[in-house]
Number of protein chains: 2
Amino acid sequence: MLQSRLFTKTQKLPPKDAASASHKFLVQGGFVDMLMAGVYTYLPLGWRVINNISNIVREEMNNMGGQEMLMPAMQPKNIWEETGRWASLEEIMYQFKDQSGKEAGLAATHEEIIYDLVRRNIHSYKDLPFAIYQIQNKFRNEPRPRGGIMRGREFMMKDLYSFHLSQEDLDVYYNQVKEAYIRVYDRCGLKVKIAEASGGMFTQKHSHEFQLISEAGEDDIVYCEKCDWAQNEEIASKIEKCPVCGGKIRKGKSIEVGNIFQFGDKYAKDMNGYAMASDGQKKPILMASYGIGISRLVASIAEIYHDEKGIIWPESVAPFQVHLISLGRNEEAETIYQKLIKNNISTLYDDRDSSAGEKFADADLIGIPERVVISAKTKGKLEVKKRNGKETTLLTLEEFIKSR
Amino acid sequence: MLQSRLFTKTQKLPPKDAASASHKFLVQGGFVDMLMAGVYTYLPLGWRVINNISNIVREEMNNMGGQEMLMPAMQPKNIWEETGRWASLEEIMYQFKDQSGKEAGLAATHEEIIYDLVRRNIHSYKDLPFAIYQIQNKFRNEPRPRGGIMRGREFMMKDLYSFHLSQEDLDVYYNQVKEAYIRVYDRCGLKVKIAEASGGMFTQKHSHEFQLISEAGEDDIVYCEKCDWAQNEEIASKIEKCPVCGGKIRKGKSIEVGNIFQFGDKYAKDMNGYAMASDGQKKPILMASYGIGISRLVASIAEIYHDEKGIIWPESVAPFQVHLISLGRNEEAETIYQKLIKNNISTLYDDRDSSAGEKFADADLIGIPERVVISAKTKGKLEVKKRNGKETTLLTLEEFIKSR
């Protein structure tokens, strides 16, 4: 991609209300643009990061046997009334009447809709267990959207749902998804803690949150310094030392980057979802749901990976692998750009007629993992520098391609 | 994909209100599911077709220099008021108040939103021309949603927007997109007519529709039997012979599978979008927009490619390339399935414990281009049949893979 053509440009000043590094740099770097409070456009750079994260999530969900599909954002009132959530989610769910007076809502989540689809289609143990997921924008009327895309009113989410005929079967799959989630975060460069959560009306062992310790977070969790134990503060407020190893516990503000819930037979009872088991008995279809906030992950990664100059994207999610910068050497740089592309190295090529200082500042702000400079000084070679390093090395194009 | 695991199954009966082949077969075949009038879930099979079409569209838009991004569905009233469309689109646009009383609308289209983004970011000829696009669900309160996903209230669309400083530049790009659109339809197996359209408030030469002649369509167009000339009936009602070649004209109901508009300086004037030209003069930023209904394309393809038994997908958009059917030979078929996958041949493998009749009927309904049967009769070979052919041939696995 030619940087002279890239929509949009970087901005000199951060947004006025930016209190976190991710909010500041994602807006300044041209990754996202605010349309209204909590509602953002993913600009070409940000959309590339979203897609990279989505593809990691997709691979891990497919490996779990998840089938991808897409449910609508617009949803009828009557299905949500079956579980009482049309009323209980009133504050968070956008609900409106269409021009004919019919009431509809915008998807804040999809449990009711997927369960309706399942009860109409699944009638036998032969079709169970199975898992289905989607990646799409969801809508929540957050009273205080903040942190840029950290907590939005329209935000991108992956939601997986699994269906089972026995609690044992559900438990096994639930634990496998827990491990798949850790792989997702690992691949995005994030070390998260799995915190036991209250899960609203359910017992604590049936819900877990994936928490990233960060000052930019809004969640309070309690966790052990030595072992893996962690709990949401809501249920852990009276704990004074780690119940697993006896070690010292800490409290921290934290970012919730995912959550998983076991609903057991709640939906079967509320929405009448039963299937025939292999012994001929009618049994409830159990459900669990598993969410990852894709757009929040973008912000979380920027929160963990940045310095005072800008973002430092991990390779796995970076919008481009290489930032090629020409300092008055566009003819030479163009040839190198074409060769990098031919070698499947995704490259943002700064072909603009700007100063070296401006180009380097933009490169630091945008945060592509490797910077390659072509100038009179480099004499036909490539001056290579990692975004998170200080050393530069001079390499031939062939050496550079081999080094990757 | 194992067919025993596929969510959902085919249905014995078509939906009651299905008046068109595409509506009937897409629902019966398990491609889409109706949640409410005009609002559909894309089930795993349908989602695969959507993605195949989206990727064709994406390639052609990228080739046109289009940059992909994603704008929000939720939109503020004030920006739409600048052009007067908050009022004029009142009937078609979902408009509501959020819990704080603030008015918002759901995206029926994105001209106002993209133009707002452009006027805030583009200030110089150096940044023009450029083009940007997205693929996402749009919302229109159609009074009579019909034909399944042919005309929905929530539907998937690709919308490209281009920006220019001169009419000549806009004309050149507009004509290039016209050609790119023809390539998109060609690759989807569709021969469309380009009809001049009135374009609402604009002159006819500045808007074109891409029309697919079909009884399932709702548009009336007038077209020449001999040459390429076509016009929307709205503006062609008094024409009696072809104005280009003098040939006989026909009238026909037709499916509008795309449309392109030149807005000229309308948005520059309404929304104050100007940039500095190379001569230092302030000039209006001209806009054109270009839409393709992705979900309508799914229905259109099914409308053109079907017989009395089901759909016959063109290879380019088919949910899978091969439908592998085991008749009591699952061990043998499983080995072949694994080898097909290793050779990157996407395969739906019917491993179910069902009758041959049921499996063949499902294969015809789903419409995967090639059917491969493994049975006692095939003696280690593959019985291969095209969905749109009658002949079967016996091939070894190696011969089959080579034949593709």
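The values are calculated or read from the model by the stated rules, or taken from the named source; none is laboratory data. Remember, predicted model here, so these are calculated numbers, not experimental data. Cβ: placed from backbone, ideal geometry, glycine included. Neighbour counts: every protein chain shown.
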Notebook entry, point to check: B:Leu43: touching a residue at least 40 places away in the same chain (Cβ under 8 Å), within 18 Å of the chain's Cα centre (by Cα) and within 23 Å of B:Ile135 (Cβ to Cβ), yes or no?
Noted result: no
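When you look at A:Arg371, is it charged (D, E, K, R) and touching a Lys or Arg at 6+ places or on another chain (Cβ under 6 Å), yes or no?
Answer is yes for this residue.
Of all residues in segment A:96-116, how many are in a loop (DSSP other than H, G, I, E, B), within 20 Å of A:Glu82 (Cα to Cα) and facing chain B (nearest Cβ under 10 Å)?
2
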Margin query: Is it the case, given these coordinates, that A:Gly246 is at pLDDT below 95, within 31 Å of the chain's Cα centre (by Cα) and at positive phi?
Written below: no
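For (1) at the interface with chain A (Cβ under 10 Å from one of its Cβ atoms); (2) assigned to a strand (DSSP E or B), each residue gets a yes or a no:
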site	(1), (2)
B:Arg48	yes, no
B:Asn52	no, no
B:Met61	no, no
B:Asn78	yes, no
B:Val118	yes, no
B:Ile135	no, yes
B:Ile149	no, no
Next item on the list: Search segment B:105-128 for residues being without any contact (Cβ under 8 Å) to a residue 60 or more places away in the chain and farther than 20 Å from B:Asp270 by Cβ, and hand back the single one that is surrounded by the most Cβ atoms within 10 Å (Cβ to Cβ).
Entry: B:Leu106
Checklist line | Test result for B:Gly84, at pLDDT 95 or above and buried (at least 23 other Cβ atoms within 10 Å of the Cβ) | finding: no
Notebook entry, point to check: Conditions: (1) under 15 Å from B:Ile311 (Cβ atoms); (2) crowded, with 23+ Cβ neighbours inside 10 Å; (3) not basic (Lys, Arg). B:Tyr40 meets all but one. Number of the miss?
Noted result: (1)
Checklist line | Given (1) more than 14 Å from every other protein chain (Cβ to nearest Cβ); (2) surrounded by 14 or more Cβ atoms within 10 Å (Cβ to Cβ); (3) in a strand (DSSP E or B), number of the condition B:Arg250 does not satisfy | finding: (2)
Notebook entry, point to check: Mind checking whether some residue in segment B:300-307 is touching a residue at least 40 places away in the same chain (Cβ under 8 Å) and over 28 Å from B:Asp33 (Cβ atoms)?
Noted result: no
Notebook entry, point to check: What tally of residues in segment B:120-133 results from selecting those that are more than 8 Å from chain A (Cβ to nearest Cβ) and of a type in the set (S, T, N, Q)?
Noted result: 1
Check: Across segment A:80-95, which residue is farthest from the chain's Cα centre (by Cα) among those that are more than 9 Å from chain B (Cβ to nearest Cβ) and of a type in the set (Ser, Thr, Tyr)?
Finding: A:Thr83
Item checked: Considering residues of segment B:279-315 that are aromatic (Phe, Trp, Tyr) and in a loop (DSSP other than H, G, I, E, B) only, the residue surrounded by the most Cβ atoms within 10 Å (Cβ to Cβ) -> B:Trp313
Check: Only one of (1) of a type in the set (Asp, Glu); (2) closer than 30 Å to B:Ile285 by Cβ; (3) in contact with an Asp or Glu (Cβ under 9 Å, 6 or more places away or on another chain) fails for B:Glu179. Which number is that?
Finding: (3)
Item checked: Count - residues of segment A:374-391 that are part of a strand (DSSP E or B) and closer than 19 Å to A:Ile312 by Cα -> 4
Margin query: Out of the residues in segment A:354-373 meeting the condition of being assigned to a strand (DSSP E or B) and out of contact with any Asp or Glu (no Cβ under 6 Å at 6 or more places or on another chain), tell me which one is nearest to A:Gly189 (Cα to Cα).
Written below: A:Glu370
Note to self: Condition first: facing chain A (nearest Cβ under 9 Å) and in contact with a strand residue (DSSP E or B) (Cβ under 7 Å, 6 or more places away or on another chain). Now tell me which residues in segment B:9-37 satisfy that.
What the structure shows: B:Asp33, B:Leu35, B:Met36
Checklist line | Failed item in (1) closer than 24 Å to B:Cys188 by Cβ; (2) within 12 Å of chain A (Cβ to nearest Cβ); (3) in contact with a strand residue (DSSP E or B) (Cβ under 7 Å, 6 or more places away or on another chain); (4) buried (at least 22 other Cβ atoms within 10 Å of the Cβ), with B:Val57 passing the rest | finding: (2)
Item checked: Residues satisfying the stated conditions in segment A:255-273, i.e. assigned to a strand (DSSP E or B) and either out of contact with any helix residue (DSSP H, G or I) (no Cβ under 9 Å at 6 or more places or on another chain) or surrounded by fewer than 18 Cβ atoms within 10 Å (Cβ to Cβ) (or both) -> A:Asn259
Check: Any residue at all in segment A:69-86 that is touching a Ser or Thr at 6+ places or on another chain (Cβ under 6 Å), in contact (Cβ under 8 Å) with a residue 60 or more places away in the chain and within 21 Å of B:Gln136 (Cα to Cα)?
Finding: yes
Notebook entry, point to check: Which members of segment B:117-139 meet the condition of being more than 29 Å from B:Ile56 (Cα to Cα) and hydroxyl-bearing (Ser, Thr, Tyr)?
Noted result: B:Ser124, B:Tyr125
Next item on the list: Go through segment A:49-104 and give me each residue that's among the polar types (S, T, N, Q) and closer than 27 Å to B:Asn51 by Cβ.
Entry: A:Asn51, A:Asn52, A:Ser54, A:Asn55, A:Asn62, A:Asn63, A:Gln67, A:Gln75
Next item on the list: Using the structure shown, decide if A:Ile325 is assigned to a strand (DSSP E or B), in contact with a Ser or Thr (Cβ under 9 Å, 6 or more places away or on another chain) and within 30 Å of A:Ile149 (Cα to Cα).
Entry: yes
Notebook entry, point to check: Yes or no: A:Met71 at the interface with chain B (Cβ under 7 Å from one of its Cβ atoms), more than 27 Å from A:Gln11 (Cα to Cα) and crowded, with 21+ Cβ neighbours inside 10 Å?
Noted result: yes
Note to self: Just to check your reading of the model, which residue among A:Lys283, A:Lys253 is of a type outside the set (S, T, N, Q) and either more than 29 Å from A:Met156 (Cβ to Cβ) or not assigned by TED's automatic domain parsing to the domain that holds A:Leu26 (or both)?
What the structure shows: A:Lys283
